[in-house]
1. Given the condition over 28 Å from Pro10 (Cα atoms), within 24 Å of the chain's Cα centre (by Cα) and surrounded by 15 or more Cβ atoms within 10 Å (Cβ to Cβ), answer yes or no: does some residue in the range 129-137 qualify?
2. With (1) closer than 19 Å to Ile16 by Cβ; (2) away from the ligand (no atom under 11 Å from the Cβ) as the list, and Ile99 as the residue in question, which single condition is left unmet?
3. Being part of a strand (DSSP E or B), exposed (fewer than 11 other Cβ atoms within 10 Å of the Cβ) and out of contact with any helix residue (DSSP H, G or I) (no Cβ under 8 Å at 6 or more places or on another chain) is true for just one of Ile92, Ile99. Which residue is that?
4. Among residues belonging to the range 71-89 that are β-branched (Val, Ile, Thr) and within 16 Å of the ligand (Cβ to nearest atom), point out the one that is surrounded by the fewest Cβ atoms within 10 Å (Cβ to Cβ).
5. State whether one or more residues within the range 23-30 are touching an Asp or Glu at 6+ places or on another chain (Cβ under 6 Å) and either modelled with pLDDT under 95 or under 22 Å from Ile118 (Cα atoms) (or both).
6. Give the residue, chosen from Ile110, Ile68, Ile60, that is buried (at least 16 other Cβ atoms within 10 Å of the Cβ), touching a residue at least 40 places away in the same chain (Cβ under 8 Å), of a type in the set (A, V, I, L, M, F, W, C) and over 27 Å from Phe131 (Cα atoms).
7. Being free of Cβ contacts under 8 Å to residues at least 60 places away in the same chain and near the ligand (Cβ under 8 Å from one of its atoms) is the filter; apply it to the range 9-27 and report the residue that is farthest from Arg42 (Cα to Cα).
8. So Thr13 passes all but one of these: (1) of a type in the set (S, T, N, Q); (2) out of contact with any Phe, Trp or Tyr (no Cβ under 9 Å at 6 or more places or on another chain); (3) closer than 24 Å to Val130 by Cα. Which condition number does it fail?
Amino acid sequence: MPGTGSSPRPAPTVLISGASIAGPALAYWLHRHGFVVTVVERAPELRTGGYKVDIRGAAIEAVERMGILEDIQRASTDMQTGAYVNGAGKRIATLPADIFGARLGRDDEIMRGDLARILYDRTRTDVEYVFGDSIASLTTVDEASRASRASR
Ligand SMILES: Cc1cc2nc3c(=O)[nH]c(=O)nc-3n(C[C@H](O)[C@H](O)[C@H](O)COP(=O)(O)OP(=O)(O)OC[C@H]3O[C@@H](n4cnc5c(N)ncnc54)[C@H](O)[C@@H]3O)c2cc1C
């Protein structure tokens, strides 16, 4: 701090492996709590594949606190009905989606790729993303400074 003679501690850094769902969500929270975050993803770009995933219960509160609830609602599959078919593919029963999927209250459903994209977009300006790479080894700060001293 200016005038006190002591320099501020550098922000702790963290490296997260995998830019799917858990990686960017963790990156969001760690950034908010003062970490400098890098996410490394072995795929060359964000993986947007996958089928439908449910956002329910505690997940609703989590995405609300992350400020992405409205993005998720906009990307909702908005499924209206679910149908049972027989072995020949003939529809034998249809149910409203809320009953079919046991949906309650603000429960929602979006495509996994949309969720990955929303989490990535929410974090990409605050977090460094490195695609097409993965962690080969980790070096502690002590090891790095020992190696630096030894090379002088
Ligand atoms: C392309 C894809 C499609 C999916 N589709 C569905 C679906 O339709 N329905 C469903 O319920 N679940 C699906 N899943 C799984 C779902 O995303 C996870 O089960 C859950 O959301 C947990 O996500 P996660 O972030 O912990 O792990 P994952 O979603 O498994 O993601 C792990 C990420 O880490 C990356 N990675 C792995 N090893 C390394 C490494 N050594 N270095 C760097 N990066 C690495 C992977 O490429 C991936 O992007 C899918 C996952 C993927 C990757």
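The values are calculated or read from the model by the stated rules, or taken from the named source; none is laboratory data. Since this is a predicted model, take the numbers as computed values, not measurements. Reconstructed Cβ throughout: ideal geometry from the backbone, glycine too, with neighbour counts over all protein chains shown.
1. Checked the range 129-137: no residue is over 28 Å from Pro10 (Cα atoms), within 24 Å of the chain's Cα centre (by Cα) and surrounded by 15 or more Cβ atoms within 10 Å (Cβ to Cβ).
2. Of everything listed in (1) closer than 19 Å to Ile16 by Cβ; (2) away from the ligand (no atom under 11 Å from the Cβ), Ile99 misses just condition (1).
3. Step by step, each of Ile92, Ile99 is checked, and only Ile92 is part of a strand (DSSP E or B), exposed (fewer than 11 other Cβ atoms within 10 Å of the Cβ) and out of contact with any helix residue (DSSP H, G or I) (no Cβ under 8 Å at 6 or more places or on another chain).
4. Applying the first criterion (β-branched (Val, Ile, Thr)) to the range 71-89 yields 72, 77, 81, 85.
Now restrict to residues that are within 16 Å of the ligand (Cβ to nearest atom): 72, 77.
Working: Ile72: 22, Thr77: 14.
Filtering first and then ranking leaves Thr77.
5. Within the range 23-30 (the criterion being touching an Asp or Glu at 6+ places or on another chain (Cβ under 6 Å) and either modelled with pLDDT under 95 or under 22 Å from Ile118 (Cα atoms) (or both)), the answer is no, since none of the residues qualifies.
6. The unique qualifying residue is Ile60.
7. As a first pass, look at the range 9-27 and keep what is free of Cβ contacts under 8 Å to residues at least 60 places away in the same chain: 9-14, 16, 18, 22-23, 26.
Next cut, near the ligand (Cβ under 8 Å from one of its atoms) only: 18, 22-23.
On the way: Gly18: 7, Ala22: 15, Gly23: 12 Å.
Across the range 9-27, the extreme among qualifying residues is Ala22.
8. The failed condition is (2).
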